[in-house]
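The values are calculated or read from the model by the stated rules, or taken from the named source; none is laboratory data. Every value quoted in this text rests on a predicted model; they were computed, and no experiment measured them. Counting neighbours? That spans all protein chains shown, and the Cβs are built from the backbone with ideal geometry, glycine included. Protein only, heavy atoms only, side chains kept; ligands, DNA and RNA dropped before computing areas. Shrake-Rupley method; radii C 1.70, N 1.55, O 1.52, S 1.80 Å.
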Amino acid sequence: GSVCHALDPATGETLKEIELPKMESGESPDWGYIGVYKDILIGGQGFASYGTRHGLSFESDKELKAKKTGFGSKSWDRAASVGLVGFDRHSGEVLWKVPANHSFWHNGIVAGGDQIYCLDRNPTQVEAAMRRRGISRPETYRIVAFDYRTGKPQWEINEGISGTWLGYSEEHDLLLQAGAAATDRLVTETGQGMAVYSAADGSLKWRKDSLR
């Protein structure tokens, strides 16, 4: 739904309802993602819905690993959001909104060091289907860091965007781009190789294109 309920931890009663801003079309988007960093509530503004947006269809069950509990035909469409919204988590006030070039993967959103890092790309199968139609733009894939208070971009990487997962080390202030193999992940999220960047400015520290 488009409304997030903030509950009293002691009683479970609703303290406030926080609603995502409407899309440019006037539609009320679903919460595709929910995260909290310090005093900021992070909301995914609408699911990626690749099929609807680009006229594509996928038999997503066949793209999952053996254990498929909880997944259905919309697994692809719900793996990412088309934008992020930052709220004051106490008042519910909208502080910033940022759109994705393609889609912000939910497994590629992580916060730390006063920034929110996002992986902005399409899944491999979506990219391939769009390429066949001449509308794929992988050169605009990116990892982007936003200031958590304002949503202002701090740095952006456009080269070597091949991962499906981001991780952050507070101890070393480093950002890891890699794949993530698990029974609750799409097959395309496994990937190969990894890259580590300075979280402060996005500079590449090291990269391995293959783990073998």
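Protein chains only, probe 1.4 Å: how do GLU19, GLU13, GLU170 rank by accessible area, largest first?
GLU170, GLU13, GLU19
Leaving out ligands, DNA and RNA, and with a 1.4 Å probe, what % of the accessible surface on segment 1-58 is carbon or sulfur?
Looking at segment 1-58 in its full context, I get 48 percent from C and S.
If you count only protein heavy atoms and use a 1.4 Å probe, how large is the accessible surface of MET23, to the nearest 10 Å²?
About 60 Å², ignoring ligands and nucleic acids.
Given a 1.4 Å probe and every protein chain left where it sits, what share in percent of the accessible area of segment 99-142 is carbon and sulfur?
Answer for segment 99-142 is 48 percent, counting heavy atoms of protein chains only.
With a point put 7 Å past each Cα toward its Cβ, work out how far SER91 is from TYR37 in nm, to one decimal.
2.1 nm
With a 1.4 Å probe and all protein chains left in place, how much accessible area per residue does segment 99-174 have, in Å²? Write down the numbers at each step before the final one.
Working: 3460 Å² over 76 residues.
With all protein chains present, segment 99-174 gives 46 Å² per residue.
Tell me the accessible surface of ARG142 in square angstrom (1.4 angstrom probe, heavy atoms of protein chains only), to the nearest ten.
ARG142 has an accessible surface of roughly 20 Å² with all protein chains in place.
In nm, what is the difference between 0.36 nm times the number of residues separating GLU171 and ALA6 and their Cα-Cα distance?
Difference between extended and current length: 56.3 nm.
Just to verify a number: what accessible area does TRP206 come out at with the full protein assembly present, 1.4 Å probe, Å² rounded to tens?
110 Å²
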